[in-house]
Structures are given as structure tokens and as C-alpha cells.
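Only one structure is covered here, and it is reproduced in the block below.
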Amino acid sequence: MSTLTEVASGYQAGRTLPLRVELIRQLKRRRTLVMGAILAALPFVLLVAFAIGGEPDRGGDRITLMDTATSSGANFAAVNLFVSAGFLLVIPVALFCGDTVASEAGWASLRYLLAAPVPRARLLWSKLVVGLGLSLAAMVLLPVVALAVGSAAYGWGPLAIPTGGSLDPGTAAQRLVVVVAYIFVSQLVTAGLAFWLSTKTDAALGAVGGAVGLTIVGNVLDAVTALGDWRHFLPAHWQFAWADAVQPTPEWSGMIQGVAVSVTYAVVLFALAFRGFARKDVVS
């Protein structure tokens with residue numbers, strides 16, 4: 001009896017399911033390794049594509065970011081972010097945040113975690129922090145590999161700006177950090193959708209697919225010009241506002257609006273996840 005009392009008196013809810021333990025569990029999962037390999041391989045795929053196809057085709061007089069891909073390693077990294085920000089980077093965010101709780105329910109291990117006992121808010125917090133951390137790591141991995149691959153293939157040089165001018169390598173590196181940070185914040189809406197759905201279903205694929213599907217719907221709605229200014233309330237409307245950061249004189253207004261919209265949606269979705277899970281009857 002005294003032993004049970006000692007265990008109970010030493011129990012601290014804040015020390016259950018440590019972030020380190022959850023991070024190691026998620027890093028060992030196959031889907032984490034596969035997603036990391038895909039993102040690391042993308043720069044090599046683009047490198048081969050440019051090697052086979054030659055210099056990017058500059059159609060007409062208008063020069064785009066894609067046209068400058070082979071100018072330097074910095075340009076190559078920027079192009080990798082450009083081609084992946086709209087969809088490819090959505091997948092790891094939806095996967096890491098949408099699979100985390102639903103997979104435990106699907107394996108019938110969620111109730112055992114709660115019986116450990118791990119408080120529900122602590123369980124969600126640990127899984128959310130690790131999910132967002134892995135999402136950020138995925139977004140950092142891509143440009144870092146692309147910068148290394150591009151610098152080896154095209155040289156370390158300034159970032160050529162399509163509209164004219166260039167940024168020295170040091171400034172370009174700083175701006176790319178800003179770009180990655182903005183893309184991460186803009187993907188918080190997808191993270192919130194995935195995490196909320198993960199607390200609602202036992203099917204991890206449903207949570208991940210639902211978040212990706214709703215993100216695609218947002219992109220489609222943003223393409224409907226008839227919506228006019230209503231599109232400003234869509235996170236998708238601001239997803240490429242980071243392009244304003246890679247200018248000789250950066251323009252921050254679009255990025256500020258994009259951050260405000262994304263964070264607002266994300267906070268609401270995360271709150272719904274915590275509120276709903278606190279009242280959920282967990283039987284799996």
C-alpha cells in the first residue's frame with residue numbers, strides 16, 4: 001500500500017509522454033523516413049531535369065524565377081521552394097499532424113496511453129509539438145539540400161532576381177530563411193485541419209487526406225476571381241507572398257496579411273482539436 005502511495009505522490013502530469021520519447025517514436029516510423037527521402041531527392045530530380053532539358057525556357061520577354069534556376073545555388077534553392085510550396089510541402093505537414101493521434105486510435109493504443117495515465121491535453125500537446133517540429137524540419141531539409149546541390153552544380157553566387165538586380169549570397173541566405181519561415185506559418189492551416197481531423201477519426205488516412213483535400217479546395221476557390229476581395233480571407237491567397245521577400249527592397253505587407261490569416265485559422269482549429277478531444281469518449 002505504501003508503494004502505491006509513493007508512486008501516486010510522485011506522479012507529475014507534466015512529465016508524462018516526454019517530447020523526446022514522442023520524437024524518437026515518430027522518427028523511427030517508416031512514413032517519416034520515406035517523406036524525408038522524397039524531399040531530399042527532389043533537388044536531384046530537378047538537377048537531372050535541367051541537365052537533360054538544358055537551360056530553362058524563357059518564353060517571351062517576361063523572365064520568371066524558374067528561368068533563373070541555374071544561375072546559382074541560391075536560385076536553385078528558391079526554385080525548389082517555388083515548385084513545392086503549393087502542394088508537395090502540404091503533404092508532410094498533413095502527414096505529420098494528421099497521422100499522429102488517429103494512428104494511435106487505429107492501433108488501439110490510444111486508450112492505453114490515456115490510462116498510463118497521460119492527461120489528454122498533455123498527450124495532444126506532445127503530439128502537436130512533435131508534428132509541427134517534423135513539419136518544420138521537412139521544410140528546412142528541402143532548401144538546405146537544394147542549396148548544397150545547386151551550389152555544387154551551378155556555383156555559389158548571388159541570387160538573381162527575375163525583375164532585375166541580385167542579392168549577395170549572405171543576404172540571399174537570410175531571405176531564404178525568411179521564406180522558409182513564412183511557408184511554415186502559411187502551412188499552419190493545413191496542420192490545424194489535419195490535427196483536428198486526427199482527433200475526430202480512427203483512420204489516419206482520412207485525417208491526412210481530408211486536410212490535403214480541403215487545402216486543395218482552398219486553392220481552387222482562390223482561383224475563382226469572381227469571389228473578388230473575399231479571396232483575401234483564404235490562406236491560399238497568400239501562399240506565394242514570400243516572393244516579395246526575394247526582392248532588392250522586400251515588401252512585407254502581403255506576408256503580414258498572410259501570417260495573420262493563417263495564424264487565425266490555425267488557432268481556431270487547434271482549439272477545436274483540444275476542446276473536442278477533452279470531451280471525446282476514447283474506446284480505441
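The values are calculated or read from the model by the stated rules, or taken from the named source; none is laboratory data. What you are looking at is a predicted structure, and each value in this text was computed from that prediction instead of being measured. In this analysis, Cβ positions are derived from the backbone assuming ideal geometry, glycine residues included, and neighbour counts consider all displayed protein chains. These accessible areas exclude ligands, DNA and RNA; they are computed on the full protein's heavy atoms, side chains included. Shrake-Rupley method; radii C 1.70, N 1.55, O 1.52, S 1.80 Å.
Some points to look at:
- Near pairs, Cβ below 6 angstrom, 6+ apart or cross-chain, from the stretch 253-269 (within 17 Å of residue 214 (Cα to Cα) and in contact (Cβ under 8 Å) with a residue 24 or more places away in the chain) to any residue that is surrounded by 14 or more Cβ atoms within 10 Å (Cβ to Cβ) and aromatic (Phe, Trp, Tyr): 269/196
- One residue stands out in the stretch 198-249 among those that are closer than 24 Å to residue 174 by Cα and either touching a Leu at 6+ places or on another chain (Cβ under 6 Å) or aliphatic (A, V, I, L, M) (or both): the one that is modelled with the highest pLDDT, namely 241.
- Of the listed requirements (1) open to solvent by less than 60 Å² (accessible area, probe 1.4 Å); (2) more than 22 Å from residue 99 (Cβ to Cβ); (3) of a type outside the set (A, V, I, L, M), residue 252 misses just one: (1).
- Summed over the stretch 166-206, residues that are in a helix (DSSP H, G or I) and closer than 30 Å to residue 278 by Cα total 17.
- Residue that is surrounded by the most Cβ atoms within 10 Å (Cβ to Cβ), among those in the stretch 191-229 that are free of Cβ contacts under 8 Å to residues at least 60 places away in the same chain and of a type in the set (D, E, K, R): 222
- Scan of the stretch 255-269 for residues that are buried (at least 17 other Cβ atoms within 10 Å of the Cβ) and closer than 20 Å to residue 216 by Cα, ordered by number: 258, 259, 261, 262, 265, 266, 269
- Candidate set: the stretch 135-165, residues that are in a helix (DSSP H, G or I) and among the polar types (S, T, N, Q); chosen: the one most open to solvent (accessible area, probe 1.4 Å): 151
- Residues satisfying the stated conditions in the stretch 223-261, i.e. touching a Pro at 6+ places or on another chain (Cβ under 9 Å) and farther than 30 Å from residue 158 by Cβ: 261
- Segments classed as helices (runs of 4 or more DSSP H), wholly inside the stretch 1-109, with at least 1 members that are under 24 Å from the mean Cα position of the chain (by Cα) and modelled with pLDDT of 80 or more: 19-27, 30-53, 73-85, 90-106
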